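Down below is the structure, laid out as structure tokens.
Any read-out appearing in this document is the output of simple, stated calculations on the displayed coordinates, not a laboratory observation. Remember, it's a predicted structure, so these values are computed and weren't measured experimentally. When we count neighbours, we look across all protein chains shown, and the Cβ atoms used for this are built from the backbone with ideal geometry, even at glycine.
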Protein chains: 2
Amino acid sequence: ARPRVGYFYTGKTGLQLLTERMKKLTVHDYQSIPVVVNESASVYDAIVTMFLEDVGTLFVVDHNSHLVGVLSRKDLLRASIGKQELESIPVSIIMTRMPNITICEQEDFLLEMAKELIDKQIDGIPVVKKVEEDEQIRYEVVGRLTKTNITRAFVDLTNGEIT
Amino acid sequence: ARPRVGYFYTGKTGLQLLTERMKKLTVHDYQSIPVVVNESASVYDAIVTMFLEDVGTLFVVDHNSHLVGVLSRKDLLRASIGKQELESIPVSIIMTRMPNITICEQEDFLLEMAKELIDKQIDGIPVVKKVEEDEQIRYEVVGRLTKTNITRAFVDLTNGEIT
């Protein structure tokens with residue numbers, strides 16, 4: 001029988017081990033607090049909320065606090081050069097609407113979501129929790145994932161803070 | 001004398017080696033193409049340029065193509081909920097102005113600029129080249145560094161594409 005002593009060659013280098021650890025980082029490790037507005041809020045109110053909360057993406061919810069849309073700075077800027085009064089347009093008119101929204105859960109891998117942010121050219125992804133209501137799947141917003149979070153992960157990695 | 005054979009212990013693990021390589025990444029490795037507007041352009045024109053070019057940050061230059069300011073989506077959005085006509089306000093009124101701008105050069109380390117993006121809460125940094133004119137230092141804009149670029153570096157790192 002093979003003696004149970006000494007070192008065993010795992011077939012992996014230090015580089016591969018680090019890459020594996022990096023791949024195991026989850027959304028939960030880096031997500032931010034979400035900022036939501038109600039679907040009946042005006043575009044003007046949404047812009048003000050964006051400034052007060054200092055975020056680049058707002059999530060839109062219905063009266064049951066379920067996710068119905070996403071608003072980016074770009075969406076709001078587009079509306080602002082339109083001819084309508086910003087106080088009189090509800091955000092539900094200009095938001096990106098479910099199910100055309102990229103969502104993620106806390107257990108998802110950060111790497112996959114970083115790819116989504118780049119490939120789909122989006123600023124922020126809502127982190128959601130599934131809930132069943134009236135035999136339909138709905139989503140509660142529990143977090144926010146942006147390129148700022150990914151940039152922080154990059155800094156942590158590069159500083160050797162993830163080991 | 002010490003024999004010049006065999007392995008020498010460098011005192012570094014594979015993890016430390018990768019971290020060092022990551023730290024050596026420069027702005028030049030990941031920068032994007034810059035989009036500039038003239039300081040006499042209107043806020044309306046700047047917003048339209050931002051949409052046509054699909055960027056989140058514009059750099060403002062004078063008639064000699066030297067950097068004089070930076071415009072973020074946030075700056076333009078703030079202006080858009082003001083009471084003035086967007087066609088009649090020049091961007092020079094609302095831009096962040098030199099020297100209150102974070103700039104970088106192509107040789108700067110990506111890690112340092114990632115930290116700047118987070119710490120100063122900015123969306124984009126102009127990549128510049130110094131030029132001397134009338135015994136004064138001016139800057140030509142040669143690139144654009146954003147959190148999207150850092151996110152791409154994160155994906156490359158995590159995919160083991162930087163070795």
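Projecting the alpha carbon convex hull of the protein assembly as shown along each direction and taking the average yields 26.0 nm². Per residue of peptide A:142-154, the mean number of Cβ atoms on other chains within 10 Å of the residue Cβ is 6.
Considering only chymotrypsin sites (Phe, Trp or Tyr not before Pro) in DSSP loops that have at most 14 other Cβ atoms within 10 Å, the longest stretch of chain B without any of them is B:10-163. Comparing A:E105, A:E39, A:E85 in a Gaussian network model of chain A, where Cα atoms under 10 Å apart are tied by springs, the biggest mean-square fluctuation is seen for A:E85.
Couplings for segment A:56-67, taken from phi via the Karplus curve 6.51 cos²θ - 1.76 cosθ + 1.60 with θ = phi - 60°, read x, 9, 10, 9, 9, 10, 8, 5, 9, 6, 9, 5 Hz in order; Gly and Pro are left as x. Taking A:E112, A:E140, A:E20 as the candidate residues, the one with maximal mean-square fluctuation in a Gaussian network model of chain A, Cα springs under 10 Å, is A:E20.
Considering only B:P99, B:P90, B:P34, the Gaussian network model of chain B with Cα springs below 10 Å gives its largest mean-square fluctuation to B:P99. Look at the alpha carbon pairs under 8 Å that are at least 6 residues apart: their mean separation over the length of segment B:14-158 gives a relative contact order of 29 percent. Evaluated with a Cβ-only charge set (Lys, Arg +1; Asp, Glu -1), segment A:70-142 carries a dipole of roughly 500 debye about its Cα centre, given to the nearest 20.
For segment B:14-158, the residue among B:V91, B:L18, B:V131 whose Cα projects farthest onto the positive side of the dipole built from Cβ charges is B:L18. Legend: mean number of C-beta atoms from other chains within 10 angstrom of residue C-beta atoms, peptide A:77-84, equals 4. Its Cα centre serving as origin, chain B has a Cβ charge dipole (Lys and Arg +1, Asp and Glu -1) of approximately 1020 debye.
Computed about the Cα centre, the dipole magnitude for the protein assembly as shown is approximately 1700 debye when only Lys and Arg (+1) and Asp and Glu (-1) carry charge, each at its Cβ. Note on chain A: Cα Rg divided by 2.2 N^0.38 Å, N the number of residues, gives 1.35. Annotation note: trypsin sites (Lys or Arg not before Pro) in segment B:49-128 located in DSSP loop regions with a Cβ neighbour count of at most 14 within 10 Å are B:K83, B:K120.
Once backbone amide H atoms are built at 1.01 Å from N, B:I89 has B:V43, B:Y44 as its partners under 5 Å, excluding neighbours fewer than 5 places away on the same chain.
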